[in-house]
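Novice: Before I ask anything, here is the structure I am working with.
Where a number appears in this text, it was derived from the coordinates with a stated rule and is not lab data. Computed from a prediction, not measured in an experiment: that's the story for all the values here. So basically every Cβ, Gly included, is an ideal-geometry build from the backbone, and we count neighbours across all protein chains shown.
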């Protein structure tokens, strides 16, 4: 494998560039829909997404077992391309119908997590853990550049041109399929003669049951996405308090999506490999410190809502939170998790990791939204509610430390 690492890094990076570009030319519109729905009603839609993910994952598992892996990306991405074309036609005839917008919101979340999860499932089968530490930051950097380009395009030009964004997303996904085909991978056979349709469909559940490391990651993913969504709900409240204009909201989200990926790109290019390969820091530091960063973010929100911290600028505190949390997730925590995933067997990489990145993450999202609303339904004042979530951040630190210990055991075998 070492003879084609350099070429694989480039083509995997270009693959990821166009995946995230397709997502981020649509993401600000998704965020505007979320802001307009409002934090009180949004958990209902997140629960719908959880149900959809639970139903779709067994179908995906069956497809993985039956389809040649060289056809996986064209098959799944091709389906999403057809959906984007359907939305383009629908928006031409029903541009302002709320049901269409909310359906797009649900669909986008499924689309978002599946295309990224499949990208990483393919990528972790091209690298081992040491090369993952070395190259995953660079590959992620390509993705951040694509995300920044997509966000900048919306901020400067596409903020009121959703149909054109849909067509651009289609073109970007086609390019992603092309560059995926250029990545050289080992031939892997996932379906065995002893597997029946039912066992292939539900295999990711048996993998979770039998592999302690996967179980730990299921809990870790649930907790961090729960924290992330609760924090996102606070940010939506900040933006809704700032403006009621949908186009202005889209521009603010687009601005964040153009600036934040550049910060992420800097960390990915210059710091990710250095930190992940460090004997002093490494994967243990990244997985563990995430909970502390979340805790500090909720303290910052509490300070803002109590009028002690940046109380005069909702947009500024929003951009600061985006500029801290997203770069850490995509430049450090995500590459660290994917590096650990390289230690799993091939079936686990294609099935249980995708299950974690889709259903578990979406279940955490829904739980985070419910947690946000539950705190306010209990009568907590706005600046106290973020403080009540801090203990969950401390728990995430404990989970991250436990996973890093398990990884050390795996590497020593």
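Novice: State, in angstrom, two size descriptors of region 311-413 derived from its alpha carbons: Rg to one decimal place and Dmax to the nearest whole number.
Specialist: For region 311-413, the Cα-based Rg and Dmax read 17.4, 55 Å.
Novice: Here is a follow-up. Taking the chain as a Gaussian network, Cα atoms linked when under 10 Å apart, which of 90, 225, 123 shows the biggest mean-square fluctuation?
Specialist: 90
Novice: Extension gain residue 245-residue 161, at 0.36 nm per residue separation less the Cα-Cα distance, in nm? Before the final figure, lay out each step's value.
Specialist: On the way: separation 84, 0.36 × 84 = 30.24 nm, distance 1.56 nm.
Difference between extended and current length: 28.7 nm.
Novice: Another one. How high is the FRET efficiency from residue 41 to residue 292, r the C-beta distance, R0 30 Å, rounded to 0.05? Working shown, then result.
Specialist: Values: r = 32 Å, r/R0 = 1.06.
Calculated transfer efficiency: 0.40.
Novice: Right, next: Per-residue ellipticity at 222 nm for the chain, helices alone: DSSP H runs ≥ 4 residues times -39500 (n - 2.57), over residue total, nearest 500 deg cm²/dmol? Could you put the intermediate results ahead of the total?
Specialist: Working: 19 runs with 320 residues, N = 413.
Using -39500 (n - 2.57) per qualifying helix, the result is -26000 deg cm²/dmol.
Novice: Given the options 355, 17, 376, state which has the largest fluctuation in a GNM of the chain using a 10 Å cut-off (strictly under) for Cα springs.
Specialist: 376
Novice: A further question follows. What is the distance in Å between the Cα centroid of region 306-338 and that of region 206-226?
Specialist: So the two Cα centres are separated by 25 Å.
Novice: Would you please give the FRET efficiency between residue 398 and residue 306, computed as 1/(1 + (r/R0)^6) with r the Cβ-Cβ distance and R0 = 25 Å, to the nearest 0.05? All intermediate terms of the calculation are to be shown ahead of the outcome.
Specialist: Working: r = 28 Å, r/R0 = 1.12.
My answer for the efficiency is 0.35.
Novice: May I ask you to compute the full-extension gain from residue 55 to residue 171, defined as 0.36 nm times their residue separation minus their alpha-carbon distance, rounded to one decimal in nm? Kindly include the intermediate steps, with their values, before the conclusion.
Specialist: Values: separation 116, 0.36 × 116 = 41.76 nm, distance 2.82 nm.
Net length gain for the segment: 38.9 nm.
Novice: Any chance you could run the full-extension gain for residue 215 through residue 130? It's 0.36 nm times the residue separation minus the Cα-Cα distance, nm to one decimal.
Specialist: Details: separation 85, 0.36 × 85 = 30.60 nm, distance 2.27 nm.
That pair, residue 215 and residue 130, stretches by 28.3 nm at full extension.
Novice: In addition: Taking P(r) over Cα pairs in 10 Å bins from 0, in percent straight from the coordinates, which label in (i) 5, 22, 35, 27, 10, 1, 0; (ii) 4, 16, 19, 17, 16, 15, 10, 3, 0; (iii) 4, 18, 24, 23, 16, 9, 4, 1, 0 is the correct one?
Specialist: Correct label, based on the coordinates given: (i).
Novice: Which FRET efficiency, nearest 0.05, do residue 278 and residue 184 yield, Cβ-Cβ r, R0 22 Å? Please report the intermediate quantities before stating the final value.
Specialist: On the way: r = 29 Å, r/R0 = 1.33.
That pair, residue 278 with residue 184, gives E of 0.15.
Novice: I need to check one value: relative contact order of the chain, counting alpha carbon pairs closer than 8 Å and at least 6 residues apart, in percent.
Specialist: Details: 581 pairs, mean separation 130.4, N = 413.
Relative contact order, the chain: 32 percent.
Novice: Give the peptides 66-76, 393-403 in descending order of average Cβ contacts within 10 Å, highest first.
Specialist: Order by mean packing, descending: 393-403, 66-76.
Novice: Highest GNM mean-square fluctuation, the chain, Cα pairs closer than 10 Å: which of 85, 226, 149?
Specialist: Taking springs between Cα atoms under 10 Å, the residue moving most is 85.
Novice: While we're here: In percent, how large is the relative contact order of region 1-112, given Cα pairs closer than 8 Å and 6 or more residues apart?
Specialist: On the way: 23 pairs, mean separation 50.3, N = 112.
Relative contact order here is 45 percent.
Novice: What is the ratio of the Cα radius of gyration of region 1-130 to 2.2 N^0.38 Å, where N is its residue count, to two decimals? It would help to have the intermediate numbers written out before the result.
Specialist: Working: Rg = 17.0 Å, N = 130, 2.2 N^0.38 = 14.0 Å.
After normalising by residue count via 2.2 N^0.38 Å, the value is 1.22.
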